[in-house]
Each structure stands twice: as C-alpha cells, then as structure tokens.
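A short write-up of the structure that comes next.
The values are calculated or read from the model by the stated rules, or taken from the named source; none is laboratory data. From a predicted model like this one, the values you see are computed outputs, not experimental measurements. Cβ placement follows ideal geometry from the backbone for every residue including glycine, while neighbour counts extend to all protein chains displayed. The protein model used for the area step is the full one, side chains on, heavy atoms only, and it has no ligands, DNA or RNA in it. Shrake-Rupley method; radii C 1.70, N 1.55, O 1.52, S 1.80 Å.
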Amino acid sequence: MDILIFVTSVEKPEQVSEVKPLLTAVPAISQWNFDLEDCDNILRIEASNISPRYIEGLLQSAGFNCEELQY
C-alpha cells in the first residue's frame, strides 16, 4: 500500500463532492481524504499500484490543479 500526497486547488466541500465519484471509481484506491484546512488543500490517497500522474490527470480532467507533494 502506497500513500500519495497532493497539493490541489480543491477548496470547498462542494468541490470535494465533484471529485468524489472519480476517486471512488478507482479500484486501486482504498482510502482518500482532503484536508481543506491546510493551505495547500492536501489530498491524501492510500492505494496500490497507481501512478501519481494518473491521479493528477484525474483531478485535472475535472478542472482542478493537482500536483504530487514530494516528502
């Protein structure tokens, strides 16, 4: 299981609702959550065998910026 962390432009709960169907539809993702109180609007994903680029593209297709946070 990998933990992936992203900086996003998702700022509101309504926007989380917009991307929820995209994230829940990916079988490799076991859990995900947004920290909207963080200044970087962090998206944290627990997944197996998934590329960070795939997640970035998924959110970008919904109109949001998303970039993997290197830690």
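Key figures for this structure:
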quantity: Subset of the stretch 2-16 that is of a type in the set (Val, Ile, Thr) and more than 18 Å from SER61 (Cβ to Cβ) - its residue that is least open to solvent (accessible area, probe 1.4 Å); calculated: ILE5
quantity: Answer residue from the stretch 17-71, given it is part of a helix (DSSP H, G or I) and open to solvent by less than 40 Å² (accessible area, probe 1.4 Å) and is nearest to ILE3 (Cα to Cα) among those; calculated: PRO52
quantity: Neighbours by Cβ (under 7 Å, 6+ apart or cross-chain): first from the stretch 1-28, without any contact (Cβ under 8 Å) to a residue 24 or more places away in the chain; second surrounded by 15 or more Cβ atoms within 10 Å (Cβ to Cβ) and aromatic (Phe, Trp, Tyr); calculated: VAL16/PHE34
